[in-house]
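Step one of this worksheet: look at the structure below.
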Amino acid sequence: MDDPEHMQLEAGLYIVATPIGNLDDITLRALKILKAVDFIAAEDTRHTARLLSHHRIKGARLISYHDHNETNRTPELIDRIKRGSSVAVVSKAGTPLISDPGYRLIKMSVANHTRIIPVPGASAAIAAISVSGLPTDSFVFEGFLPRTKGNRIKRLKELAVEKRTLIFYESPRRVLTLLKDIQTIMGDRPGVLSREMTKIYEEFVRGRLSAIISTLTDRSGIRGECTLVVMGGKIKGDVAEITLRAAIELGLQNRDETLSAIAKTVAKKYGLSKNRVYEEVLRIKNEQ
């Protein structure tokens, strides 16, 4: 790799992370790989072409690879690799496969025993939690939640009992709806909304969810992809009523579990009295 102009790559699949905004946020190794591979499978060929042009990489052979052609394009890329080609996979921004296409390709590569090489770099989720000020020792990456309200609410109720820090991706058009849903289901927790990270108008809106909602509601519009980091549920002893309710409702979805068993599980999880939780289980069950 000392001479990028004459570097020869082994046949294989190179998973290359690219910038999430600022085009200079890319590793030297990634640039060498993109210059040397036989083909670049790109989620957005026009976006990738601009990145390559910015770094003066010419002659790259771009192949479109996105959600709509992933099924048909995957066997073609595997065949190219098996015939001796090197193929780089890049998403529109950040690390490929993280809420982006590529899972089928990796799965088929593993099945065909082709070489898979990670070329790490930027990730919006990691960038956002690193500056959030919320606990980083353990976290849950959820990516994009379901768009349909029923499925989204169901998933948020499941996450309401999660103690680890939560990370979500959302479009600017739907981020206010997401914030309101989380506040309704999980309570008014601390959070940080990261917007336009590494770009000129980079912004971090911090505070309770209600404060973030208020800040965004006062604006005429919201722009840029958003990453939301939310504090996990409280640990034993001091449990928000809304969190306790979500845990019980989740348990009640299992028709095979007795009310006593649900109370025991929830009480143990949060360090509460089983009798107290059982009374709450009965109350919620009767409401339903």
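The values are calculated or read from the model by the stated rules, or taken from the named source; none is laboratory data. Owing to the predicted nature of the structure, the values given are computational and were not obtained by experimental measurement. Counting neighbours? That spans all protein chains shown, and the Cβs are built from the backbone with ideal geometry, glycine included.
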Please state which one of 189, 152, 208 is within 20 Å of residue 129 (Cβ to Cβ) and without any contact (Cβ under 8 Å) to a residue 40 or more places away in the chain. 208
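The rows are residues; the columns are (1) out of contact with any helix residue (DSSP H, G or I) (no Cβ under 6 Å at 6 or more places or on another chain); (2) over 30 Å from residue 244 (Cβ atoms).
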| site | (1), (2) |
| --- | --- |
| 79 | yes, yes |
| 101 | no, yes |
| 112 | no, yes |
| 163 | yes, no |
| 169 | yes, no |
Hey, residue 109 hits all of (1) closer than 19 Å to residue 11 by Cα; (2) of a type outside the set (Asp, Glu); (3) at pLDDT below 95 but one; which does it fall short on? (3)
Complete set of residues in the range 198-211 that are farther than 19 Å from residue 23 by Cα and under 20 Å from the mean Cα position of the chain (by Cα): 204, 205, 206, 209
Looking at the range 246-263 only, could you name the residues that are in a helix (DSSP H, G or I), out of contact with any Ser or Thr (no Cβ under 9 Å at 6 or more places or on another chain) and of a type outside the set (S, T, N, Q)? 246, 248, 249, 250, 252, 259, 261, 262, 263
Here are some residues: 136, 215, 184. Which one is outside the structural domain of residue 251 (by TED's automatic domain parsing), of a type outside the set (Gly, Ala, Ser) and more than 26 Å from residue 247 (Cβ to Cβ)? 215
Among the residues of the range 52-70 satisfying the criterion of being of a type in the set (A, V, I, L, M, F, W, C) and touching a strand residue (DSSP E or B) at 6+ places or on another chain (Cβ under 6 Å), which is surrounded by the most Cβ atoms within 10 Å (Cβ to Cβ)? 60
The condition from (1) in contact with a Leu (Cβ under 9 Å, 6 or more places away or on another chain); (2) among the β-branched types (Val, Ile, Thr); (3) surrounded by 15 or more Cβ atoms within 10 Å (Cβ to Cβ) that residue 140 misses is numbered (3)
A careful count of residues in the range 158-181 that are of a type outside the set (Asp, Glu) and buried (at least 19 other Cβ atoms within 10 Å of the Cβ) gives 11
Is there any pair linking a residue in the range 94-117 that is within 16 Å of residue 84 (Cα to Cα) to one that is basic (Lys, Arg) and surrounded by fewer than 17 Cβ atoms within 10 Å (Cβ to Cβ), with Cβ under 9 Å and at least six apart or on different chains, and which? 109/115; 112/82; 114/82
Can you pull out the residues in the range 130-153 that are touching a helix residue (DSSP H, G or I) at 6+ places or on another chain (Cβ under 6 Å) and of a type in the set (Val, Ile, Thr)? 136
Among the residues of the range 108-126, write down those that are within 19 Å of the chain's Cα centre (by Cα) and assigned to a helix (DSSP H, G or I). 124, 125, 126
Which of the residues spanning the range 147-176 are farther than 18 Å from residue 221 by Cα and charged (D, E, K, R)? 147, 149, 152, 154, 155, 157, 158, 162, 163, 164
Out of all the residues in the range 28-40, is one or more under 22 Å from residue 123 (Cβ atoms), touching a His at 6+ places or on another chain (Cβ under 6 Å) and surrounded by fewer than 20 Cβ atoms within 10 Å (Cβ to Cβ)? yes
For residue 158, are the conditions met, namely being part of a strand (DSSP E or B), in contact with a helix residue (DSSP H, G or I) (Cβ under 9 Å, 6 or more places away or on another chain) and charged (D, E, K, R)? no
For the range 47-70, state whether one or more residues are aliphatic (A, V, I, L, M), closer than 13 Å to residue 96 by Cβ and not assigned by TED's automatic domain parsing to the domain that holds residue 200. no
